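Here the structure is laid out as structure tokens; the discussion comes afterwards.
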Amino acid sequence: MQSKASRILLLSGLLIISSASQMLGQGGSPSNPEQVRLDLLNFVQVNGELAASAGMTKQVEDIRNLEDQVRLLSTADLDVLRKAIPDTGALNAAARTMRRELDAQDEVFSSAVSGDLNTSSLAGFPNAEYPSCGSTRKPESTIDAADIVLFAAETVRDVASRGCGQVAVVAGFGANTSTLCIITDAVYLTAKIVNYALHFCDAKIDGAEASTAYGRLSHLHTDLESSVANDNTNKTSIINNDNFNKTAIIANDDANRTTIVNNDNANRTTIMNNDNANTANILANANANKNELRDLVLRTQIEADLAQPDNAVYVALFVTPTANGGYLNLVRSIVAQTIANMIAAGGKTGQAQSFLDQGDASKTEGNFKQAYANYRKAYKAAVN
């Protein structure tokens, strides 16, 4: 596709050649007035197509009316216009160039892309205040074509306004040249309105979106500042909460540690006291058992010795009094208990009690051997 500059240069060249040919008298006039009508209609229709592609319903309607006016031009009017613009074929060539632009536009921009910024669902996000023409941009080729059409229409108007009256006077025609000039002016004004509307809408969309972009940037900046402030507040709250929880945890740990230590100490004391009591009980019981066993063994030995014949040799330990480290008192106790047990069991003890009394008397006198001899007699008397 040609650039905008090259397209405008091409059209400018065509129209400049047409004007130069007229001034030098070298222009080739159309073969008949109807060719002028066709060339002019073709040019007017291109304006209509351009307005239609831009969605300008009112301008399209005006151009349709303008087409009707061109169709109603008389042969004399067309002949005057043919004299005023000798090379109307250049207009036809310009129209073909513009139609190619429109065809290319239809091919490249078959589906218009909307740049609508009002699709955000974010709360409070600014929306674009689009103009009445909407938010859909026209393709650049449409804008270029509008510039080309305006340039062409302006050239037609300038050439026609200078020539249509002069030709009528010189040639002696009676055509209504003011009508011709009104038609060419209408072509120019229509093209200018279309061109202005396209540029105006494009500029308004630019302005609306630029303003919206700035507003949204400001909104984002405010949101960012609010977010930072909120983050700082949350950070402070979190730090304070962490410090508070840390203090509470440390205090709770200290309290629990003290409770545990106190409980351990109390349990240790209880355990130690219990262990000491158990030890004392065990020792006492062991001692009791030991003494009982000792006493049993000793008693058995004493009773065995008491059962010996009267002339049997005494055991010195048994003859010695308790005060002197012996067991004479225990011997007396065993004899007395044996006599009592036998009596309680219904047995006969004979002179056992008499011998016991004699032994006690000897013991009192300090005659320990005689005392033991009497205790032996008493024991044997009780058990015989």
Inset, instruction - Consider Ala123 carefully, then state whether it is assigned by TED's automatic domain parsing to the domain that holds Asp202, in contact with a Leu (Cβ under 9 Å, 6 or more places away or on another chain) and either modelled with pLDDT under 75 or not in a loop (DSSP other than H, G, I, E, B) (or both). - result: no
Inset, instruction - Answer yes or no as to whether Leu217 is at pLDDT 80 or above, under 30 Å from the mean Cα position of the chain (by Cα) and in the same structural domain as Phe43 (by TED's automatic domain parsing). - result: no
Inset, instruction - Could you grab me the full set of residues in region 326-350 that are of a type outside the set (Phe, Trp, Tyr), in contact with a helix residue (DSSP H, G or I) (Cβ under 9 Å, 6 or more places away or on another chain) and in a loop (DSSP other than H, G, I, E, B)? - result: Gly326, Gly347, Lys348, Thr349, Gly350
Inset, instruction - Tell me, yes or no, whether region 362-383 has at least one residue that is among the aliphatic types (A, V, I, L, M) and exposed (fewer than 11 other Cβ atoms within 10 Å of the Cβ). - result: no
Legend entry - Neighbours by Cβ (under 7 Å, 6+ apart or cross-chain): first from region 241-266, modelled with pLDDT under 90; second surrounded by 10 or more Cβ atoms within 10 Å (Cβ to Cβ): none
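Rundown of residues vs (1) loosely packed, with under 10 Cβ neighbours inside 10 Å; (2) more than 30 Å from Ile334 (Cα to Cα); (3) in the same structural domain as Pro126 (by TED's automatic domain parsing), yes/no style:
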position	(1), (2), (3)
His221	no, yes, yes
Leu224	no, yes, yes
Asn243	no, yes, no
Ile249	no, yes, no
Asn263	no, yes, no
Leu283	no, no, no
Leu293	no, no, no
Inset, instruction - Considering every residue within region 155-174, establish whether at least one is closer than 22 Å to Met56 by Cβ, modelled with pLDDT under 75, in the same structural domain as Glu129 (by TED's automatic domain parsing) and not polar (S, T, N, Q). - result: yes
Inset, instruction - Determine whether region 78-86 contains at least one residue that is modelled with pLDDT under 75 and not in a helix (DSSP H, G or I). - result: yes
Inset, instruction - May I ask you to say which residue of Ala277, Ala323 is assigned by TED's automatic domain parsing to the domain that holds Ala378, farther than 14 Å from Arg376 by Cα and outside any loop (DSSP other than H, G, I, E, B)? - result: Ala323
Inset, instruction - Filter region 342-362 for residues that are polar (S, T, N, Q) and at pLDDT below 95 and give the result. - result: Thr349
Inset, instruction - Please go through region 346-360 and pick out each residue that is within 16 Å of Leu330 (Cα to Cα) and surrounded by fewer than 21 Cβ atoms within 10 Å (Cβ to Cβ). - result: Asp357, Asp360
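The values are calculated or read from the model by the stated rules, or taken from the named source; none is laboratory data. All values derive from a computational prediction rather than experimental measurement. All Cβ positions, even for glycine, are placed from backbone atoms using ideal geometry, and neighbour counts span all protein chains on display.
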